[in-house]
Amino acid sequence: MMRAAPLAAFLCAALLSATPGAPAAQGKAAAARGPAPYQFAIIGHRFSDGGSEAQLEQAIAASDDGAVAFIVATGIKAEREPCSDELYTQRRDLFAGARRPMIVVPAASDWSGCTNGAGSQVAVDRLNRLRELFYPDADSLGKRQLPLLRLSTSSQFRSYAENAHWVVGNVLYATMNLTSDNNHYRPEAGRNSEFEDRAVANRFWLKRLFGTAHRKKFDAVVLFTEGDMKIHSEKPGLLAMLGPGESRQDGYAAARHQVLASAQKFAGKVLLVDTAPPAGPAPAIAWRGNLGHVSVGSSVLRMRVAPGSEKMFLLQKP
């Protein structure tokens with residue numbers, strides 16, 4: 001298991017490699033420039049249009065180089081593929097073979113529509129199996145692993161290992177299980193125990209994320225989900241989900257309202273990244289104040305992060 005070199009060792013190496021007698025002004029100039037820009041890669045839901053495993057392999061290969069600090073991928077399978085341990089393990093091994101740190105966000109097609117041979121729903125069972133296979137410990141997948149802090153470290157939310165956060169530079173990155181199927185709200189199910197329990201966990205998670213970001217004065221919070229919580233909707237809440245003659249519970253309302261309120265109190269930037277179809281011909285970040293949103297669909301993209309810049313986040317193609 002490969003680990004990133006400790007910061008102290010990195011600094012020592014940098015000092016030893018410096019030219020003897022270099023003017024102190026050089027060090028001051030470097031400090032003035034601030035942290036160097038870096039990139040991370042985003043692999044959208046490659047299975048939303050019936051994509052094959054070969055497409056996923058190509059997406060990982062296109063993202064898996066030394067210029068990338070980490071890769072975030074959403075979804076492991078198509079809706080019509082089996083919800084089997086065999087398939088889950090096969091995809092887990094594919095992600096684990098990446099050279100860069102790999103963080104996987106669960107998608108609705110991975111678990112929420114799963115049924116057994118008799119046609120009965122087994123969503124909770126399959127979600128728990130995904131958690132066992134993809135989030136067994138505190139590290140990311142990939143040959144070079146990235147230490148993560150998971151929600152499952154909290155005693156009251158030990159099941160929610162898929163929610164994780166990590167820090168690169170002065171930016172807090174996090175994942176949250178918010179699926180594209182109206183967040184797995186089931187109006188016919190009576191009490192939506194899975195939806196309601198996960199909503200409680202996500203509320204606690206968002207509170208922790210923004211509390212940490214505020215306390216440590218991070219420059220930004222970046223949140224990855226599958227579902228689009230419609231953060232810039234002109235008709236928030238129930239009205240945003242209504243169609244002609246349709247009445248439907250908004251499964252994203254609670255998360256949306258919490259993020260909006262938290263972003264208003266946060267001094268840095270907040271960027272939401274999901275895999276809904278892009279609003280335009282290509283994915284683009286839409287900003288309202290300090291709150292940004294981008295839907296990447298099934299695209300494979302890179303994000304350039306320039307700390308201290310007015311345009312801190314810039315989408316790029318691989």
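The values are calculated or read from the model by the stated rules, or taken from the named source; none is laboratory data. Owing to the predicted nature of the structure, the values given are computational and were not obtained by experimental measurement. Virtual Cβ from ideal backbone geometry, glycine too; neighbours counted across all protein chains shown. Accessible surface is based on the protein model in full, side chains and every heavy atom, while ligands, DNA and RNA are left aside. Shrake-Rupley method; radii C 1.70, N 1.55, O 1.52, S 1.80 Å.
Quick one: work out Rg over Rh on the C-alpha atoms of the stretch 144-186, Rh as Kirkwood radius.
Rounded to two decimals, Rg over Rh is 1.07.
Normalised by residue count, the stretch 51-173 yields a Cα convex hull volume of 104 Å³ per residue.
Distance between Cα centroids, the stretch 256-279 to the stretch 183-214: provide it in whole Å. Here the two parts' Cα centres lie 16 Å apart. Suppose R0 equals 45 Å. What FRET efficiency, 1/(1 + (r/R0)^6) with r the Cβ-Cβ distance, do S233 and E86 give to the nearest 0.05? Between S233 and E86 the formula returns 0.65. Three principal axis extents describe the C-alpha atoms of the stretch 247-318; from largest down they are 40, 31, 14 Å. Remark: spin-label model distance Q121-H257 equals 2.3 nm, labels positioned 7 Å along the Cα→Cβ axis.
Sorting 59-67, 81-89, 198-206 by average packing, meaning the other beta carbons within 10 Å per residue, from highest down gives 198-206, 59-67, 81-89.
Send over the Kirkwood Rh of the stretch 109-153, from the inverse of the averaged 1/r over different Cα pairs, rounded to one decimal Å.
Values: mean 1/r = 0.0824 Å⁻¹.
With all distinct Cα pairs of the stretch 109-153 included, I get 12.1 Å.
How charged is the neighbourhood of V105? Take every other residue with its Cβ under 11 Å from the Cβ of V105, and add Lys/Arg as +1 and Asp/Glu as -1. Provide the component values of the computation, followed by the final result.
Details: positive: none; negative: D110, E162, E226, D274.
Residues close to V105 contribute a combined charge of -4.
For the set T275, T115, the ranking by accessible area, highest first and with no ligand, DNA or RNA atoms included, is T115, T275 under a 1.4 Å probe. With K and R counted +1 and D and E -1, the other residues having a Cβ less than 10 Å from that of N163 yield a net charge of +2.
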